[in-house]
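Encoded as structure tokens, the structure appears first; notes follow it.
The values are calculated or read from the model by the stated rules, or taken from the named source; none is laboratory data. The structure presented is a predicted model; accordingly, all values stated were derived computationally and were not measured. Backbone-built Cβ (ideal geometry, glycine too); neighbour counts: all protein chains shown. For accessibility, only protein heavy atoms count, side chains too; no ligands or nucleic acids. Shrake-Rupley method; radii C 1.70, N 1.55, O 1.52, S 1.80 Å.
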Amino acid sequence: MSSASWISRTLAILAKDARAELRTRYALNAVLLFALSSLVAVSMSLAGARPGPDMLAAFLWILMVFAAMAGLPRSFVHEEERQTSGWLKLSASPAMVYCGKFAFNLLLILLVELVTVPIFLVLLNVTPVHPAAFCLAIGLGCLGLAAAGTLVAAIVARTQNRGSLFAALALPLLLPVIVTGTIATRESLSPGTGAVAWGEVRVLLSYAVVVFTGGLLLFEFVWND
Amino acid sequence: MSSAQRDGNWFFRHWWKWLLFLGMILVLAATFLWLPVVQRPAWDAATNSWKPEPWPLFRIMIFHVPMSWVATIAFLVATIHSIQVLRTGSRLADLKAATASELGLLFGIMATVTGSIWARYEWGSFWNWDPRETSILILILIYGAYFALRSAIPTETTRARLSAVYAILAFLMVPFLVFIVPRMVESLHPAPILDRRGKMQMDKELLVVFLSSLTLFTILFGWLWHLKVSIVRARDRW
């Protein structure tokens with residue numbers, strides 16, 4: 001199969017998921033509202049206190065990870081619920097499905113962060129000292145979240161209690177991202193440090209590459225019976 | 001075959017188990033009765049110099065280190081058998097992987113508990129977020145999730161495949177746990193047994209007891225693993 005048709009089929013899966021999502025807005029609404037309400041809960045319970053960069057970075061990452069967990073399992077669970085996974089298996093190879101779902105999840109997370117992070121900055125009155133480094137840390141974190149989340153979502157969709165297992169399975173795998181992402185974000189929020197924490201950026205990038213590649217190789221065993 | 005003959009065979013067939021039992025008792029007795037208390041340098045403010053000080057807490061090392069070693073070996077064995085599950089779809093490999101993970105979890109929890117008790121008396125609190133404490137905690141979380149996943153899949157072949165995928169994905173985290181978590185905090189942990197130049201830092205008697213304990217615990221793991229696999233196979237008749 002030519003690479004052009006491979007890409008076009010992968011994009012078709014992405015477009016299908018995006019269209020289905022726009023019709024129901026199930027994941028988008030759930031994730032956005034979840035992120036907003038937990039954001040409000042955090043800023044209200046702080047009650048005007050001014051936490052330092054290390055606290056703020058930790059809050060932001062906990063919010064991001066749990067918001068992603070509210071939405072990521074949908075990508076495969078809805079295929080099982082509507083019993084459309086059989087059709088998808090006939091029309092595309094496992095690698096295409098994995099890449100298409102990964103792209104959709106990445107788009108979903110980025111969209112959610114695009115809404116929640118500015119509100120976080122406004123509500124908690126934070127100014128990123130190094131805005132470029134701040135965006136880099138969050139963006140690479142989203143990459144890692146989407147990579148690990150896609151494969152775990154595929155696993156969870158095949159189990160009995162779909163969804164409720166997702167956080168238990170994904171969180172231990174995501175701990176490296178949470179830890180490094182928090183450190184990188186903290187550096188970008190504190191004045192007087194170097195602009196970009198290159199060590200952390202490298203770790204986030206290599207995590208995303210390792211987990212995406214591992215997922216690509218392992219996905220076939222999850223997807224096919 | 002008469003029953004006396006069978007009993008004789010039974011004794012000789014299981015000679016290594018008796019040896020293991022004897023060895024464990026010897027290690028226990030040697031640790032508490034025979035080994036001299038380790039002296040370690042301590043800063044003496046009165047004379048402004050390093051002075052040797054008795055350090056009886058070293059004894060837990062003879063049991064704690066083998067436990068975390070066995071946990072590591074068990075998770076490695078589980079990963080190898082998980083790869084085997086994906087390659088061949090073997091039911092036996094799945095059973096072996098699950099059993100090894102179970103024992104790894106058990107020994108991991110025991111290593112955490114013994115280390116925690118030691119930390120209470122050495123560092124002053126049960127939990128310190130030391131890099132090794134943190135990484136073994138993450139491992140315990142991961143393998144806890146592994147068993148949650150196994151219990152949520154009713155079909156045997158699907159369960160074998162999906163849990164193998166999760167185990168391999170978890171193994172991909174090892175380099176991150178080894179290289180990243182130590183960046184978070186300075187380690188309080190005692191130096192590894194072999195220092196950077198590969199020089200042993202133990203007395204001869206201590207080394208003998210420690211290495212025997214390590215060997216005996218590894219054999220114990222092998223035995224427990226084999227036993228559990230055989231029990232399940234006998235119960236399910238395959």
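Brief remarks on what is shown
- Here region A:125-155 is scanned for amide nitrogen atoms under 16 Å from the site 7 Å beyond the Cα of A:V209 along Cα-to-Cβ, giving A:140-141, A:143-144, A:147.
- Whole-number percent relative contact order across region B:1-108, with pairs defined as alpha carbons under 8 Å at least 6 apart: 18
- Per residue Cα convex hull volume in Å³ - calculated over the protein assembly as shown: 208
- Chain A: DSSP helices with Cα axial extent of at least 18 Å and average Kyte-Doolittle hydropathy no lower than 1.6: A:26-46, A:53-71, A:94-123, A:131-157
- Estimated distance in nm for a label pair at A:S3 and A:A168, the labels positioned 7 Å out from Cα along Cα-to-Cβ: 4.3
- Per-atom-type breakdown for region B:1-157 gives carbon and sulfur 70% of the accessible area (1.4 Å probe, protein chains only).
- Spherically averaged projected area in nm², based on the convex hull that wraps the Cα atoms of chain A: 12.7
- When +1 charges are put on Lys and Arg Cβ atoms and -1 charges on Asp and Glu Cβ atoms, the dipole computed for the protein assembly as shown relative to its Cα centre reaches about 1060 debye.
- Distance between the modelled labels on B:W123 and B:S90, one decimal in nanometres: 4.0 nm (7 Å Cα→Cβ projection).
- Exposed-site-free run, longest, chain A (rule: trypsin sites (Lys or Arg not before Pro); DSSP loop; at most 15 other C-beta within 10 Å): A:83-225
- More than 25 angstrom apart: percent of Cα pairs within region B:9-158: 51
- Going from the isolated chain to the complete set of protein chains, region A:201-225 loses at least 30 Å² of heavy-atom accessible area (1.4 Å probe) at A:V203, A:Y207, A:V210, A:V211, A:L218, A:F221.
- Between the beta carbons of A:N125 and A:E81, assuming R0 = 45 Å, the FRET efficiency works out to 0.60 to the nearest 0.05.
- When the solvent-accessible area of region A:1-129 is split by element, carbon and sulfur atoms take up 69 percent of it, the probe being 1.4 Å.
- Extension gain, B:L22 to B:V174, is 51.1 nm, computed as 0.36 nm per intervening residue step minus the present C-alpha separation.
- Alpha carbon centroid spacing (whole Å) that separates region A:1-74 from region A:153-225: 14
- The modelled label-to-label distance between B:I219 and A:A58, using points 7 Å beyond Cα along the C-beta direction, is 4.7 nm.
- For chain A, the residue among A:L22, A:L175, A:S3 whose Cα projects farthest onto the positive side of the dipole built from Cβ charges is A:L22.
- Using the Cβ-Cβ distance between A:S93 and A:A132 with R0 set to 41 Å, the FRET efficiency from 1/(1 + (r/R0)^6) comes to roughly 0.60.
- Helix B:15-29 and the longest principal axis of the Cα set of chain B meet at an angle near 20°.
- For the residues B:I168, B:I25, B:I109, a GNM of chain B with alpha-carbon springs under 10 Å puts the largest fluctuation on B:I25.
- Point-charge dipole on Cβ atoms (K/R +1, D/E -1) for chain B, about Cα centre, debye to 20: 820
- Under 5 Å from the amide H of B:R40 lie the amide H atoms of B:E53, B:W55, each residue being 5 or more positions distant or on a separate chain, with H modelled from the backbone and absent for Pro and chain starts.
- Kirkwood estimate for region A:29-86, i.e. one over the average of 1/r between Cα atoms, Å: 13.2
- Chain pair B, A: total accessible area buried, heavy atoms, 1.4 Å probe, Å²: 2500
- Region A:8-127: equivalent-ellipsoid semi-axes (sqrt of 5 x gyration tensor eigenvalues, Cα, Å): 35, 13, 11
- With R₀ fixed at 51 Å, the C-beta to C-beta distance from B:T157 to B:K51 puts the FRET efficiency at about 0.20.
- Based on protein heavy atoms only, region A:88-225 ends up with 37 Å² per residue of surface accessible to a 1.4 Å probe.
- Comparing A:G141, A:G52, A:G71 in a Gaussian network model of chain A where C-alpha atoms under 10 Å apart are linked, the largest mean-square fluctuation is found at A:G52.
- Cβ-placed point charges (K, R +1; D, E -1), dipole of chain A about Cα centre in debye, nearest 20: 380
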